[in-house]
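Heads up: the structure comes next, in structure tokens.
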There are 2 protein chains.
Amino acid sequence: MKETFIPDVVISRLPLYIQTLNRLLREGKSVVSSNELGLLLDMTPSQIRRDLANFGGFGKQGTGYDIIKLMESLREILNLNQIWKVALIGVGHIGQALINYDGFNRNGFEIVAAFEHNPGKIGKKVGNIVVRDIKNMDEEMPEMGVKIAVITVPGESAQAICDRLVKIGIRSILNYAPVNLQVPEDVQVENIDPVLKMQKMTYYLQ
Amino acid sequence: MKETFIPDVVISRLPLYIQTLNRLLREGKSVVSSNELGLLLDMTPSQIRRDLANFGGFGKQGTGYDIIKLMESLREILNLNQIWKVALIGVGHIGQALINYDGFNRNGFEIVAAFEHNPGKIGKKVGNIVVRDIKNMDEEMPEMGVKIAVITVPGESAQAICDRLVKIGIRSILNYAPVNLQVPEDVQVENIDPVLKMQKMTYYLQ
DNA sequence: TAGATTGTTAATCGATTAACAATC
DNA sequence: TAGATTGTTAATCGATTAACAATC
């Protein structure tokens, strides 16, 4: 349990701040104001200061925020100072692409296992991991210390997989299947569905 | 311009309604109440009725909503009764996975072209499209009637690609690069970044 | 008719913004 | 010191929810 309740929208924005602070750091900057950050993120300086103030005073009046210090604080708040083990279920096109995506490793998320139903894929290597039989998922995943699961199976099987994940204690699920998963309230699901985003954009087109 | 202004959050939810209505239809249902829909989508019935009421009265008191009729209306509102041509920039792992993803075609989005910088990939076939030279993007993309662009290049090149897309008249961009793109206000950008979602989830873990 | 569920209004809730004193 | 920018409060804005009359 956290000390004070912080709105979920605020938590959602912290990774964005980290991303932009990283960028500024790469560009050689060491201090940034809420105003500059706001320009880069299309947010008001007020909102940024308010968000950060939820966690204490990170800035210095007249100067702004020390980029390294702020980034370290945000990483600590989000529990990012450790390697998180991730498992993937479903080694189709998207699954394979994610295994090969280096953005996870670069940011402290390690895909340690991938499970599949298709016998033709089990035992084969994708990137540098060997595809496992989904039959063994319920035993193997907890043994490996996995805390985050990524669902990349077809929509029809997603809920069943999700139920199994919940049962073995997974509390964070990144879902690429085009389904709204039903989970207990202590389990978090984040959905990624490019079709939904496109269907939204077409409203504004033409 | 639309008749009345509808909040963007509402528009974002319409594709979700369509998704769930589709599912109910596949399950053989023909009518649904705001209450049932709410249970499937983790929303209050009030919110669903309010969202839909923005566009007129689709339901029938005492009965609920005719699924086919409601779906048709929502598809019309979102301009989904046409095939939208999509181009992809960057044929790396994610780009290739998206070309092979059938969810786009099934939902009326056709990837008609893919552009790459890497000479080793230009001219090669991925799925059933031939990878084009990014040099020719600015001429070829408008000729093909593309209205939506998907950016799957590395973060460093994303803004430059984005600028070119804006210049040739693209108004809808789905961005997979881990960067906050700067665009004029009449251009819509939707970001997909699994790392940001994971970094949010770890806040609640441990 | 009785029961169910919509469409809509008013009340509530929560998030964003503006403003400014504090302070580096 | 003068200038800049934070942290914080109060005001505003907008979205969500509850409630209920209308109506199928």
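Listing for the model above:
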quantity	calculated
Average partner coverage of B:75-88, which counts Cβ from other chains inside 10 Å	2
Cα gyration tensor, the stretch A:1-49 - rounded (a/c under 1.5), prolate or oblate	prolate
Taking the convex hull of Cα positions in the stretch B:1-149, its mean projected area over all directions (nm²)	11.1
Residue list for the stretch B:76-107, given a label point 7 angstrom along the Cα-to-Cβ vector of residue A:117 and an amide N cut-off under 17 Å	B:102-103
Antiparallel content of DSSP bridges confined to the stretch B:37-160, in %, to 5	25
Residues A:202, A:20, sorted so that the one with the fewest Cβ neighbours within 10 Å comes first	A:20, A:202
Directionally averaged projected area (convex hull, Cα atoms, the stretch A:17-96), nm²	7.3
Whether the protein assembly as shown is rounded, prolate or oblate, judged on the alpha carbon gyration tensor where a/c under 1.5 counts as rounded	rounded
Distance (nanometres) between label positions extended 7 Å along Cα→Cβ at residue A:168 and residue A:53	4.6
Cut-off of 10 Å, at most 14 other beta carbons, DSSP loop: longest stretch of chain A lacking such GluC sites (Glu not before Pro)	A:28-184
Translational diffusion of the stretch A:112-206, µm² s⁻¹ [Kirkwood Rh, Cα pairs; Stokes-Einstein; 25 °C; 0.890 mPa s]	167
Entries of A:85/A:121; A:147/B:124; A:29/B:167; A:124/B:124; A:135/B:85; A:85/B:135 with Cα pairs more than 32 Å apart	A:147/B:124; A:135/B:85; A:85/B:135
Helix A:194-204 axis, angle to chain A major axis (alpha carbon atoms, nearest 10°)	50
Residue B:205-residue B:133 FRET efficiency (beta carbon distance; Förster radius 60 Å; 0.05 resolution)	0.85
Of all DSSP beta bridges in the protein assembly as shown, antiparallel share, percent nearest 5	20
Segment residue A:76-residue A:182, extension gain: residue separation times 0.36 nm, minus the distance between their alpha carbons	35.2 nm
Copies compared at residue A:9 - label distances in nm, ascending, label defined 7 Å from Cα in the Cβ direction	0.6
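Each value in this text was obtained by applying a stated rule to the coordinates, not by laboratory testing. Nothing here was measured: the structure is a model prediction, and the numbers come from that model. Ideal geometry is used to build each Cβ from the backbone, glycine not excepted, and the neighbour counts take in all protein chains shown.
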